[in-house]
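Notes follow once the structure below has been shown.
The values are calculated or read from the model by the stated rules, or taken from the named source; none is laboratory data. Remember, it's a predicted structure, so these values are computed and weren't measured experimentally. All Cβ positions, glycine included, derive from the backbone under ideal geometry; neighbour counts span all protein chains shown.
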Amino acid sequence: MPDTPGEIRILVVDDSPDTLEVFARNLGSRGYAVLTARSVAEATRVLDKVAVDLVITDYKMPQVDGLDLVQYVHERFADIQIIMITGYPSINRAVQAVRLGATDYLEKPFTDDELFGAVDRALDRLHEQRAASHAAPETPSPESGLVGESDGMREVYRAVARASTTVAHVLITGESGTGKELVARAIHYGSDRAGCSFVPVNCGGIPEGLLESELFGHVKGSFTGATESRIGFFQAADGGTLFLDEISETSMSMQVKLLRVLQDKEISLVGSSERQKVDVRIVAATNKDLESLVAKGRFREDLFFRLSVLTINVPPLRSRENDILLLAGVFAQKYAREVDRPPIRFDESAIRVLKNYAWPGNVRELENVVQRLTVMSDRELIEAADLPALMKGSKSTAWGELRSLAEVELEHVLHVLHSVKGNKTRAAEILGIDRKTLREKLKGHNSNE
C-alpha cells in the first residue's frame, strides 16, 4: 500500500454529478487522488487505463448497477478494494455485495466520519493483502508443534506465514484432530501480537446460556450466580488473538453479537450498557462446512464472510501418508521422555498397518496410539500384532464383500469409538454428530461400547 494518502487513487462511481462533487471534495481534503465516473461502463474504462486502489460505487444506477461493477472489479483486479453505497438498506443486498467482493458497504445517509472509517478499513485490508502477497513461505518453528513435510502441510505453512504478516481474521477448517489450534497458535506467535495473550475458547464446550458471559464478561448481579464482576475472553485477549474453536456451534443470536464486535471493535459486559474498545484478532476454526450451514440458514452469511478473510484448510492425516511415520517418531520421543525409557520403533509390518489405516481421529488419534503403546508395550520394537485390532482390518477405501450401508457405517462408528477408548463425547465430535445420534447408531450392537 502507498505510504501517503496522496498516492492512493480512489474511483467514485455514481450517476449523480452533485454526489461525485461531494465525494471528490471530501476525499480530496484527506489528500486522496479522486477519480470519478457516472456509469459502470465509464468506470470500467477508467480501470483499464489507471491503477486504482479503492472503488466506491453506488448501488442503484441506470442500465448496469453497482453489483455488476463489484463483480467485475473482484474478478479482474485482485487487490482493488470496493465499498458499496446504497440508499436502499437491505441485509440481503449488503451480504450479496460482500459475497461478490465488496470490502464494506455504507447506507445513505452517512456522515463524513462513517465514510472515512469505511475508507480506512478498506485501505487497511489493502495493505494486509499486499503484505501477505510478498511474504516468503516459511516453516513454522518446532515450538509451534506443527510437523509434516507433505505437500498439504507445506501449503499450510505458506498460509500461516501469510496470515502472520496481517491483522486480518482467519478461518481454519479441517477434520477433528488435524491440529487446527496448533495452526492458530503458529499464526499468533509468528505475528506482531506474539507479546500479548493467545486465548483459546471451545465454543461447543460452553453452554449457550453462559457463552455470552464467558466471551464478554459480566457485572455483579447481572444474573443469578454473578456474585462479582468478571472480565471475559475478549478482554483477556486484548492486544492479542482470540481462538474461537467450533465456531459452527454458536447460536444465531450469539453470531449476531460476534458480528457486531467484529464491526465495531467494542463489547459490552453482560448487565452493562457501557461499551469498551477491544483490539482482538479473531482466528476461528470449524470441522464443519460453514458454507453448507450458511445455505441451510444455520450460520450467518455476513459473519462467515467477516471471519473468512483468510482461510486455511488443514489436510486429514490419511492424505499425508509420508507424515505418519514422522509424526509417530515425534510422539514416540515425547512419551519416552515422560516414562524414562527408549522410544518405541515400528517394524515393517507395523509400518504397513500405520500407512494403510484411515485415521478417522487424525493426528490426535495417532498420538493416542503411540502413547498407549509406549506405556503398555514391554518391547521397544512394535510389530503389527501390537497395534489395536481395528487398525489391522481392511482399509476403509478397499473393496471387499458387498455389505449394506448400515453395516459399513457401524464399522466406522466402532472404529472411531475404539480409537478414543470408548469416549462417546469425543467419538461424536470426530464423527460430526451429537451424542444422541451416536447412541442411536449403536442401538442393537452387542457391545459395551
In segment 65-113, which residues are among the hydroxyl-bearing types (Ser, Thr, Tyr), at pLDDT 75 or above and out of contact with any helix residue (DSSP H, G or I) (no Cβ under 6 Å at 6 or more places or on another chain)?
Tyr72, Thr86, Thr111
So, in segment 168-196, exactly how many residues are part of a loop (DSSP other than H, G, I, E, B) and buried (at least 17 other Cβ atoms within 10 Å of the Cβ)?
12
Would you mind stating whether Lys296 is more than 14 Å from the chain's Cα centre (by Cα) and surrounded by fewer than 19 Cβ atoms within 10 Å (Cβ to Cβ)?
yes
Report yes if some residue within segment 16-34 is under 15 Å from Thr103 (Cα atoms) and touching a residue at least 12 places away in the same chain (Cβ under 8 Å); otherwise report no.
no
Looking at segment 350-361, is at least one residue assigned by TED's automatic domain parsing to the domain that holds Gln263, in contact with a helix residue (DSSP H, G or I) (Cβ under 8 Å, 6 or more places away or on another chain), in a helix (DSSP H, G or I) and under 27 Å from Val156 (Cβ atoms)?
no
Determine, yes or no, whether Tyr335 is free of Cβ contacts under 8 Å to residues at least 60 places away in the same chain and surrounded by 21 or more Cβ atoms within 10 Å (Cβ to Cβ).
no
Restricting segment 380-402 to residues that are over 21 Å from Arg318 (Cβ atoms) and not in a helix (DSSP H, G or I), which is modelled with the lowest pLDDT?
Glu401
Ser164 being in contact with a helix residue (DSSP H, G or I) (Cβ under 7 Å, 6 or more places away or on another chain) and either modelled with pLDDT of 90 or more or among the small types (Gly, Ala, Ser) (or both):
yes
For segment 266-290, which positions are of a type in the set (D, E, K, R) and at pLDDT 90 or above?
Glu266, Lys277, Asp279, Arg281, Lys288, Asp289
State which residue is nearest to the chain's Cα centre (by Cα) when the search covers only segment 179-198 and only residues that are more than 15 Å from Ala284 (Cβ to Cβ) and not hydrophobic (A, V, I, L, M, F, W, C).
Gly179
If you check Val375 against the conditions, is it under 22 Å from Val413 (Cα atoms), aliphatic (A, V, I, L, M) and in a helix (DSSP H, G or I)?
no
Wholly enclosed strands (runs of 3 or more DSSP E) of segment 1-81 bearing at least 1 residues farther than 23 Å from Pro109 by Cα and over 35 Å from the mean Cα position of the chain (by Cα):
33-37
Would you list the helices (runs of 4 or more DSSP H) that sit entirely within segment 236-326 and hold 1 or more residues that are free of Cβ contacts under 8 Å to residues at least 12 places away in the same chain?
252-264, 290-295
In segment 162-186, which residues are in contact with a Gly (Cβ under 7 Å, 6 or more places away or on another chain) and farther than 19 Å from Asn202 by Cβ?
Ser164
Identify the residue in segment 201-231 that is among the aliphatic types (A, V, I, L, M) and over 28 Å from the mean Cα position of the chain (by Cα) and, among all such residues, is nearest to Ser273 (Cα to Cα).
Val219
